[in-house]
Amino acid sequence: MSVEIVRNYFEENNIDKEILEFPVSSATVELAAQAVGVEPARIAKTLSFYTKEKDAAILIVTAGDMKIDNSKFKQYFGMKAKMLAPEDVERLTGHAIGGVCPFGNPESTSVYLDISLKRFDTVFPAAGSSNSAVELTCDELEQASKSKNWIDVCK
């Protein structure tokens, strides 16, 4: 189970955070917001895209109320945004659809954090399954995800 990957990742990286597991699905922003009891914008959704070579994933963690701005994405990454096909998600991110998160990913995965998250004291990214989350400050998210950079690619 992918939540175990995240639990092990947290343990190996000395991240002392409780993984919240729900009796209901948190696979979408709306469902996660209901499960956690917060506004949807505070859900840190992880969007997965192909690299230019299509052999690895780029993960962008953004506020739940934001969408990728294709022109900003192209300007930053030098290519058109192409989301991972369902059959490639688990192989390239280490997690199944609904539980994709920026923790415990394959070495080839690059994680970026969108500045839209910075307006919140804490956010709730998934924790590897379609019924889990973890509460983190933006600084904690930056460290735990080993993100490459804070970027502005949303609207």
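The values are calculated or read from the model by the stated rules, or taken from the named source; none is laboratory data. All values derive from a computational prediction rather than experimental measurement. All Cβ positions, glycine included, derive from the backbone under ideal geometry; neighbour counts span all protein chains shown. Accessible surface is based on the protein model in full, side chains and every heavy atom, while ligands, DNA and RNA are left aside. Shrake-Rupley method; radii C 1.70, N 1.55, O 1.52, S 1.80 Å.
Once you've got the Cα coordinates, tell me which of Lys17/Lys82; Lys67/Lys148; Lys17/Lys52 are over 29 Å apart. Listed pairs above 29 Å: Lys17/Lys82; Lys17/Lys52.
Tally up the carbon and sulfur contribution to the accessible surface of the chain as a whole percent, 1.4 Å probe, everything protein left in place.
47 percent
With the alpha-carbon atoms of the chain aligned to their principal axes, the span from lowest to highest coordinate is 39, 30, 27 Å, starting with the largest. Based on protein heavy atoms only, segment 12-133 ends up with 50 Å² per residue of surface accessible to a 1.4 Å probe. Each 5 Å bin from zero holds the following percent of Cα-Cα pairs in segment 82-155: 3, 16, 24, 26, 22, 9, 1. In order along segment 113-129, phi translates into HN-Hα couplings of 10, 7, 5, 4, 6, 5, 7, 10, 5, 9, 9, 10, x, 4, 10, x, 9 Hz, rounded to whole numbers, per the Karplus curve 6.51 cos²θ - 1.76 cosθ + 1.60 with θ = phi - 60° and x for Gly and Pro. Would you mind counting up the charge near Ala41? Only other residues with Cβ under 9 Å from its Cβ, with Lys and Arg at +1 and Asp and Glu at -1. Cβ neighbours under 9 Å give a net charge of 0. Pairs of Cα atoms in segment 39-119 fall into 5 Å distance bins, from 0 up to the last occupied one, in shares of 3, 16, 26, 25, 20, 8, 1, 0 percent. Here the Gaussian network model covers the chain, with springs between Cα atoms less than 10 Å apart; of Tyr76, Tyr50, Tyr112, Tyr76 fluctuates the most. You can think of it this way: the chain between Arg119 and Glu12 has 35.6 nm of extra reach, that is 0.36 nm per residue less the Cα-Cα gap.
Sites count as exposed loop sites when they are GluC sites (Glu not before Pro), lie in a DSSP loop, and have at most 14 other Cβ atoms within 10 angstrom; the longest stretch of the chain without one is 54-106. The 1.4 Å probe gives accessible areas that order Arg42, Arg119, Arg91, largest first, as Arg91, Arg119, Arg42.
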